[in-house]
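Novice: Have a look at this one.
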Amino acid sequence: PWQLDYGVPLRGSTPGILMGDFYLAIFHTSIRFQGRRSFYMGGYMFSSKPPFRIMAMSKYPIAHPKIYVGRDKRNKHVAFALFPSGLVMDPDGHHIYITAGHQDHSGWVIKLRLKPFIESLIMVQTG
């Protein structure tokens, strides 16, 4: 489901949050863009039991498109960077919070509604 325009393979992720029979986590990818590296992030669900198969994943990056407009002039090696570092769920179970580094100079906390986020993930066929 993940669009190749945003890089493959999937790379490191946040620790997963156990949600019954699956974990929810945030991965990142990296591609070269205009001579610089760009980092994107997406979500995925994986089985809570070995062999921990990926069950569903994002089709597009998590974030508002405006995040990926304009270059960061402070870092000559990076065009766009939104790099996930943490994931927590609020106590009521209605929202998740993703911590991420932005453009290698600031930290963000991104709040998403849990149900629509999970519903946006595309099921993956495993063989």
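The values are calculated or read from the model by the stated rules, or taken from the named source; none is laboratory data. Please read all numbers here as calculations on a predicted model, not as lab measurements. In this analysis, Cβ positions are derived from the backbone assuming ideal geometry, glycine residues included, and neighbour counts consider all displayed protein chains. Only protein heavy atoms, including side chains, enter the accessible area calculation; ligands, DNA and RNA are left aside. Shrake-Rupley method; radii C 1.70, N 1.55, O 1.52, S 1.80 Å.
Novice: Taking R0 as 35 Å, what FRET efficiency do you get between HIS64 and LEU10 from their Cβ-Cβ distance, rounded to the nearest 0.05?
Specialist: Using R0 = 35 Å, I get an efficiency of 0.95.
Novice: Report, in deg cm²/dmol and to the nearest 500, the calculated mean residue ellipticity at 222 nm for the chain, where each DSSP H run with n ≥ 4 adds -39500 (n - 2.57) and the sum is divided by the residue count.
Specialist: -1500 deg cm²/dmol
Novice: Got a number for carbon plus sulfur as a percent of the chain's accessible area, 1.4 Å probe?
Specialist: The C+S portion of the solvent-accessible surface of the chain is 58 percent.
Novice: Same structure again: Mind giving me the FRET efficiency for VAL88 and GLN34? R0 is 22 Å, r the Cβ-Cβ distance, nearest 0.05 is fine.
Specialist: Step by step, r from the Cβ atoms, then E = 0.05.
Novice: Go through [x] 1.21; [y] 1.06; [z] 1.28 and flag the label whose value is the computed Cα Rg over 2.2 N^0.38 Å for this structure.
Specialist: [y]
Novice: In whole percent, what relative contact order does the chain give with Cα contacts below 8 Å and a gap of six or more residues?
Specialist: On the way: 272 pairs, mean separation 28.2, N = 127.
RCO, the chain: 22 percent.
Novice: Give me the extension gain from GLN3 to SER48: residue separation times 0.36 nm, minus the current Cα-Cα distance, reported in nm with one decimal.
Specialist: 13.7 nm
Novice: How far apart, in nm, are two points set 7 Å out from the Cα along the Cα-to-Cβ line at MET19 and at ASP104?
Specialist: 3.3 nm
Novice: Let me ask something else. Just the accessible area per residue of the chain, please: how many Å² with a 1.4 Å probe?
Specialist: For the chain, the per-residue accessible area is 59 Å².
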